[in-house]
Amino acid sequence: MKQKIVLAYSGGLDTSVILKWLLEKGYEVVCYIADVGQKEDFVQAKSKALAIGASKVYVEDLKEEFVSKYIFQALKANAVYEGKYLLGTSLARPLIAQKHIEIAKPKIAELIYNGFWFSPEFEFLMAAINKSQENVEGKVYLTLYKSNAYVTGRESKKSLYDQNIASMDKSGGYDQTDASGFIKINALRLKLGAQDETMG
């Protein structure tokens, strides 16, 4: 009886070569294609895998779960790589891997998956993020123009901003001299850092 492997398959050159290589090594290969919203011809990809020799092909629609459990979580955490790049493919990988395992387990497949997405560290991080978002609600106003979205305003009944307190023109509860200690403490570490660089 051949050993069975579940292969995460995209229909591209790399995974097609791996599929053929595994078949030549004597494995039975079941292919799994994850649909997370990418523009792909899944019918063609499935046909290609079967033509190469896959015994079966699963095409799993993960779009709704991807949005609700991953994209929304990333938005709450303001997860932007290097402060510039929105996460796309990398954000989908944990969900793709999870579904990969679900398909592989009933088939007693050989699958090794290592990662920290479902680790205690991640659960701790998400608990902290979700706690910080409990009072985040309200409206965001957008202007859509030529495939771009611009934030033009925000409002919330639970906003922490109070113009009567923050304004320099109104007599509120904010005393500007309160900031002096905070500024001096932060300035101290910057001065010491500059001294170290000069001496080094």
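Only residues that are hydrophobic (A, V, I, L, M, F, W, C) and under 23 Å from the mean Cα position of the chain (by Cα) were counted in the stretch 7-41, giving 5.
Let's see how each residue does on (1) under 24 Å from GLN73 (Cα atoms); (2) at pLDDT below 75; (3) surrounded by 10 or more Cβ atoms within 10 Å (Cβ to Cβ):
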| position | (1), (2), (3) |
| --- | --- |
| SER132 | yes, no, yes |
| LEU142 | yes, no, yes |
| TYR150 | yes, no, no |
| SER171 | no, yes, no |
| ASP175 | no, yes, no |
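Within the stretch 69-87, which residues are loosely packed, with under 11 Cβ neighbours inside 10 Å and either touching a Phe, Trp or Tyr at 6+ places or on another chain (Cβ under 6 Å) or under 25 Å from GLU134 (Cβ atoms) (or both)? Across the stretch 69-87, the qualifying residue is only ASN78.
Examine the stretch 64-80 for a residue that is without any contact (Cβ under 8 Å) to a residue 40 or more places away in the chain and within 30 Å of MET1 (Cα to Cα), and state whether such a residue exists. Looking through the stretch 64-80, none of the residues is without any contact (Cβ under 8 Å) to a residue 40 or more places away in the chain and within 30 Å of MET1 (Cα to Cα).
Counting only residues that are touching a residue at least 40 places away in the same chain (Cβ under 8 Å) and part of a strand (DSSP E or B), the stretch 21-56 holds 3 of them. Please verify whether TRP21 is surrounded by 11 or more Cβ atoms within 10 Å (Cβ to Cβ) and modelled with pLDDT of 80 or more, treating the condition exactly as stated. So TRP21 fits the description; yes. Quick check: is even one residue across the stretch 57-75 of a type outside the set (D, E, K, R), touching a His at 6+ places or on another chain (Cβ under 6 Å) and not in a loop (DSSP other than H, G, I, E, B)? Checked against the condition, which is being of a type outside the set (D, E, K, R), touching a His at 6+ places or on another chain (Cβ under 6 Å) and not in a loop (DSSP other than H, G, I, E, B), the stretch 57-75 yields no hits at all. Screening ILE33, ILE52 for residues that are assigned by TED's automatic domain parsing to the domain that holds GLU102, touching a Lys or Arg at 6+ places or on another chain (Cβ under 6 Å) and surrounded by 12 or more Cβ atoms within 10 Å (Cβ to Cβ) leaves exactly one candidate, ILE52.
The values are calculated or read from the model by the stated rules, or taken from the named source; none is laboratory data. Every value quoted in this text rests on a predicted model; they were computed, and no experiment measured them. We place every Cβ from the backbone using ideal geometry, glycine too, and count neighbours over all the protein chains shown.
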